[in-house]
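Below you'll find the structure, written out as structure tokens, and then a few comments.
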């Protein structure tokens, strides 16, 4: 039984992206401003026309991408609902009355698990056919809690990353209260290989990352993913 549960968890992680199993979310990341605490943050979830099946959706905010910590300062309403092919539903993320750091962002994850539903509203069986196991799939998005009155705007944080040569590596420092997600680095127009696990290219506030870099040069270009899921390019010196 434990082996089956581990297999299901692994498959959920492999299927963790903004659109899976005919289900899509209308954003690629969630910025929960402190000012959203009063009314909550509304997120749209849609089922594709050709999904072929209704789904039961379980939505929640988790602390880590593995989902091992589900006790967070946020809750989702409704947290469980049915969605028909070609239709959409809105959920509201609400913040509980709990304290989070005021001088920097905090990172959580919004997860929507989609389970195929039967015509009567129950769950489909998950039979093993020719060695295949039918399981639920999950959509996971980063959720950033952003306090009011941070020491700088996010654009300044993206532009002010510091790059330092350290032997055969390059250190990237983020001296800002924001999480910064890197999607590319070039030194003198030559690319540095980023980590294949995209979550490991996120620099927390007042932290740094290190990348292997046999490249030599003083000019550096970096690309970040902004609040809207777009890419922005900046230039500087090592």
*Answer with yes or no whether residue 217 is farther than 18 Å from residue 146 by Cβ and at pLDDT below 95.*
yes
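Residue-wise test of (1) under 25 Å from the mean Cα position of the chain (by Cα); (2) assigned by TED's automatic domain parsing to the domain that holds residue 99; (3) within 30 Å of residue 99 (Cα to Cα).
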position: 166; (1), (2), (3): no, no, no
position: 178; (1), (2), (3): yes, no, yes
position: 182; (1), (2), (3): yes, no, yes
position: 188; (1), (2), (3): no, no, no
position: 209; (1), (2), (3): yes, no, yes
position: 224; (1), (2), (3): yes, no, yes
position: 228; (1), (2), (3): yes, no, yes
position: 233; (1), (2), (3): yes, no, no
*asked:* If I ask for residues that are surrounded by 16 or more Cβ atoms within 10 Å (Cβ to Cβ) and either closer than 19 Å to residue 31 by Cα or out of contact with any strand residue (DSSP E or B) (no Cβ under 8 Å at 6 or more places or on another chain) (or both), which ones from the stretch 66-99 would you list?
replied: 72, 73, 74, 76, 91, 93, 94, 95
_Whether any residue in the stretch 60-68 is within 20 Å of residue 147 (Cβ to Cβ) and not in a helix (DSSP H, G or I) is what I want to check._
yes
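Suppose the filter is out of contact with any strand residue (DSSP E or B) (no Cβ under 7 Å at 6 or more places or on another chain), modelled with pLDDT under 95, at positive phi and in a loop (DSSP other than H, G, I, E, B); does residue 52 pass it?
Numbers: out of contact with any strand residue (DSSP E or B) (no Cβ under 7 Å at 6 or more places or on another chain): yes; modelled with pLDDT under 95: yes; at positive phi: yes; in a loop (DSSP other than H, G, I, E, B): yes.
When the stated conditions are applied, residue 52 passes them.
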*Any residue in the stretch 137-162 that's farther than 19 Å from residue 25 by Cα: show its pairings with residues that are loosely packed, with under 14 Cβ neighbours inside 10 Å at Cβ separation under 6 Å, as long as the two are six or more apart or on different chains.*
146/33; 147/102
*Name, by its number, the condition in (1) surrounded by fewer than 14 Cβ atoms within 10 Å (Cβ to Cβ); (2) in a strand (DSSP E or B) that does not hold for residue 196.*
(2)
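The values are calculated or read from the model by the stated rules, or taken from the named source; none is laboratory data. Given the structure is predicted, the values throughout are model-derived calculations rather than measurements. Positions of Cβ are backbone-derived with ideal geometry, glycine not excepted, and every protein chain shown enters the neighbour counts.
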